Amino acid sequence: MRNKKRAIVLLSGGLDSAVTLYFSRAAGFVPYCLIFDYGQRHKREIEASKKICRKSGCEFQVAKISLPWKGSALLDKKRTLPRATGDGGVRSIPATYVPGRNIIFLSFALSFAEAVAARAIFIGAHSQDYSGYPDCRPEFFRAFDKVALTGTKAGAKGSRITIHRPLLRMNKAQIIRLGNKLGVPFELTWSCYTGGGQPCGKCDSCYFRARGFLQAGLADPALR
């Protein structure tokens, strides 16, 4: 069970986290996926995560947590999901921001990592995310690196847990091209903020996914 190459991978069911999972394997790590059921609008992304894990042969854990105070359009069905704006630059913090989500998720991942003697955590945050979400920005991850070093038994004993964010400087098209090379099963991923039978094609997430595949010169297998 003691394996320095073991890694915890945060898996959401979207294409970014799926690419991150396959990247971690290609880098020689043994991934253990951590999936969150945190009261989001639908379960499609959780089911997508499980399918990706089974396809890749990776073990996974589903952590069920409650955020009863909501504070996000992803948690509160009474709030309207934002429509695609087509704005790929710096944006204001969107209604889909979940207060403190990555702080919570990475804290769980740190606990999981210590429990199974993993020394790495992988998260799929990237440049599009940190234009709008403060907990996806480079300065946030640098700060959390210090948390992992100073706030864990592993760090106190000189065996630090590193937070890997391999996609951080990539755009969506670059991520898709990387995933294509790694053999990521994009057909199993789910990016849409809604939980219908098919992606809505109208939300920000659908827009950026469609634009990414177009710019990458590839067809989205999830739409075939």
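Translational diffusion coefficient of region 57-177 (Stokes-Einstein, Kirkwood radius from Cα pairs, 4 °C, 1.567 mPa s): 80 µm²/s. Of the accessible area of the chain, computed with a 1.4 Å probe over protein heavy atoms only, carbon and sulfur atoms account for 53 percent. The amide H of Arg6, built 1.01 Å from its N in the peptide plane, has Val30, Arg119 as neighbours under 5 Å, considering only residues 5 or more places off or on other chains.
Placing a label point 7 Å from the Cα of Val30 along the Cα-to-Cβ direction, the residues of region 105-129 with a backbone N closer than 11 Å are 117-118. Here the 3J(HN,Hα) profile of region 166-171, calculated from phi with Karplus coefficients 6.51, -1.76 and 1.60 at θ = phi - 60°, is x, 9, 4, 9, 9, 8 Hz, Gly and Pro shown as x.
Restricting to DSSP H runs of at least four residues, report the calculated mean residue ellipticity at 222 nm for the chain, -39500 (n - 2.57) per run over all residues, nearest 500 deg cm²/dmol.
One gets -11500 deg cm²/dmol as the mean residue ellipticity at 222 nm.
For Lys181, the lysines whose Cα comes closer than 18 Å to its Cα, not counting residues fewer than 8 places off in the same chain, are Lys55, Lys172. In terms of overall dimensions, the C-alpha atoms belonging to the chain reach 49, 39, 29 Å along their principal axes, ordered largest to smallest.
The alpha-carbon of Lys77 sits under 27 angstrom from the alpha-carbons of these lysines, leaving out residues fewer than 8 places away in its chain: Lys43, Lys50, Lys51, Lys64, Lys202.
Computed from the C-alpha gyration tensor, the three semi-axes of the ellipsoid equivalent to region 178-224 are 18, 12, 8 Å, from longest to shortest. The distance separating the Cα centre of region 43-61 from that of region 132-150 comes to 26 Å. Based on protein heavy atoms only, the chain ends up with 48 Å² per residue of surface accessible to a 1.4 Å probe.
Over region 11-92, the pair-distance histogram of Cα-Cα distances with 10 Å bins from zero comes to 16, 37, 31, 15, 0 percent, rounded to whole numbers.
The values are calculated or read from the model by the stated rules, or taken from the named source; none is laboratory data. This structure is a prediction, so every number in the text was calculated from the model and none was measured. Positions of Cβ are backbone-derived with ideal geometry, glycine not excepted, and every protein chain shown enters the neighbour counts. Protein only, heavy atoms only, side chains kept; ligands, DNA and RNA dropped before computing areas. Shrake-Rupley method; radii C 1.70, N 1.55, O 1.52, S 1.80 Å.
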